[in-house]
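For reference, the structure discussed in these notes is given below.
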């Protein structure tokens, strides 16, 4: 279970949060099966572990997410780039660690059953999706890079604030155009993480270590998965992240009262849904 998948399913329209979260084990099982072409025994193993993970996650993690979103909803205006950076860092680090630690055993158990052709299939799936993203992000056609960046940032902003007004769009376009280039570095890191995933899973499948050893290997890998090993690339990505935080803060500062109210309602609606699901 990845943080990105969890957040994508959770942060939908308020009315769909409960449905999306309830569907999470089934969606993840489908994605894993699609990428690995599981056999019947593997499918049963994945289903059992995902059900257990979902129960743990609902009871132990949703209250933390609700508290986090409550803090954002209550944050006084104006919001600084440093404040946005703190939210981003906390969302990644605080949310990912418990998931990585809890998912290590299920991932290790599945890795011990994987066959070479399944790992080859996973590598192909990674490559196919990467090619799609390169086109979407303007990495295939450099002339489309800035427009693609503007549309990504606009989509994220309008998800929370609703339709942006012309002055806001002008600000967004200017900041996006001046934004440090990061797309190629982001893709290089994505591909490096995927190679590491194939390497870790493949080594466990070949060597067949005891489950405790496999679990420890997976845990170490998952806990370090967001670390950027190349110092120069890490510095460029950090610079780009700071620029994105400043852009987000600028758009929040420009939000009209109705836009702020809409964002606050959405955040509080998520909080209510998360609290209700955690209490089940």
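Here residue 145 passes the criteria (1) under 22 Å from residue 189 (Cβ atoms); (2) under 20 Å from the mean Cα position of the chain (by Cα) except the one numbered (2). Scan segment 247-261 for residues that are in a helix (DSSP H, G or I) and out of contact with any helix residue (DSSP H, G or I) (no Cβ under 7 Å at 6 or more places or on another chain) and the total you get is 6. Restricting attention to segment 232-250, the residues being within 17 Å of residue 86 (Cα to Cα) and touching a residue at least 12 places away in the same chain (Cβ under 8 Å) number 13.
One residue is enough: does segment 79-101 have a residue meeting the conditions modelled with pLDDT of 95 or more, more than 30 Å from residue 176 (Cα to Cα), in a helix (DSSP H, G or I) and more than 16 Å from the chain's Cα centre (by Cα)? Looking through segment 79-101, at least one residue is modelled with pLDDT of 95 or more, more than 30 Å from residue 176 (Cα to Cα), in a helix (DSSP H, G or I) and more than 16 Å from the chain's Cα centre (by Cα).
For segment 12-65, the candidate set comprises residues that are farther than 25 Å from residue 116 by Cα and surrounded by 19 or more Cβ atoms within 10 Å (Cβ to Cβ); within that set, the residue that is modelled with the lowest pLDDT is 17. How about segment 104-123: which of its residues are in contact with a helix residue (DSSP H, G or I) (Cβ under 6 Å, 6 or more places away or on another chain) and either farther than 20 Å from residue 33 by Cβ or surrounded by fewer than 15 Cβ atoms within 10 Å (Cβ to Cβ) (or both)? Within segment 104-123, 104 is the sole residue that qualifies.
Is segment 241-250 home to any residue that is over 22 Å from the mean Cα position of the chain (by Cα), surrounded by 14 or more Cβ atoms within 10 Å (Cβ to Cβ) and at negative phi? Yes: one or more hits.
The residues in segment 76-97 that are surrounded by 16 or more Cβ atoms within 10 Å (Cβ to Cβ) and closer than 27 Å to residue 262 by Cα can be counted, and the count is 8.
The values are calculated or read from the model by the stated rules, or taken from the named source; none is laboratory data. All values reported here derive from a predicted model rather than from experimental measurement. Cβ sites come from the backbone with ideal geometry, for glycine too, and all protein chains shown count toward neighbours.
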